[in-house]
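Read through the structure below, which is laid out as structure tokens, and then see the notes.
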């Protein structure tokens, strides 16, 4: 009898747990949860918000940079939070949004500009971020950037 009661309690608990928000709504649009996570990620980068980046970037995150180098979660957070680095807000053009139930590829083209080490900089990149739904939370798991050559 005790075993049967445990099974019933476990089944009821499973029914009351909220399912994670999928990336795609029934109409095929990006879910509010994923859109909010992606917006928070972009804002945290520009603001140098290490705590938010720590929360949104998966521990096994990998980045492949424009020069083919690889970086990790720690390296990416260090880049965006470095002393003397003050990026300007960005606008994504040519957005890319491919979403599926538990993941997404989000990206586009941005001109990243601002001040680094007292010097002004500006570079245009195309990027892609791969997102995965893990333990009910959206995490960016992979990124890749490609520098857009200056056209004279």
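The values are calculated or read from the model by the stated rules, or taken from the named source; none is laboratory data. Predicted model, so just to flag it, every value in this text is computed and none were measured. Using ideal geometry, Cβ is built from the backbone for each residue, glycine included, and neighbour counts are taken over all protein chains shown.
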The helices (runs of 4 or more DSSP H) lying wholly within region 1-70 that contain at least 2 residues that are at pLDDT 70 or above, closer than 24 Å to residue 88 by Cα and under 14 Å from the mean Cα position of the chain (by Cα) are 32-47, 50-56
Matching residues, region 122-140, being surrounded by fewer than 13 Cβ atoms within 10 Å (Cβ to Cβ) and in contact with a strand residue (DSSP E or B) (Cβ under 8 Å, 6 or more places away or on another chain): 122
Does region 38-75 hold any residues that are touching a residue at least 40 places away in the same chain (Cβ under 8 Å) and either within 18 Å of residue 114 (Cβ to Cβ) or in contact with a helix residue (DSSP H, G or I) (Cβ under 6 Å, 6 or more places away or on another chain) (or both), and which are they? 41, 42, 45, 46, 56, 57, 61, 63, 65, 66
Just to confirm my filter: which strands (runs of 3 or more DSSP E) fall fully inside region 85-152 and include at least 3 residues that are in contact (Cβ under 8 Å) with a residue 40 or more places away in the chain and farther than 15 Å from residue 34 by Cβ? 137-147
Give the number of residues within region 108-121 that are surrounded by 14 or more Cβ atoms within 10 Å (Cβ to Cβ) and on the phi > 0 side of the Ramachandran plot. 2
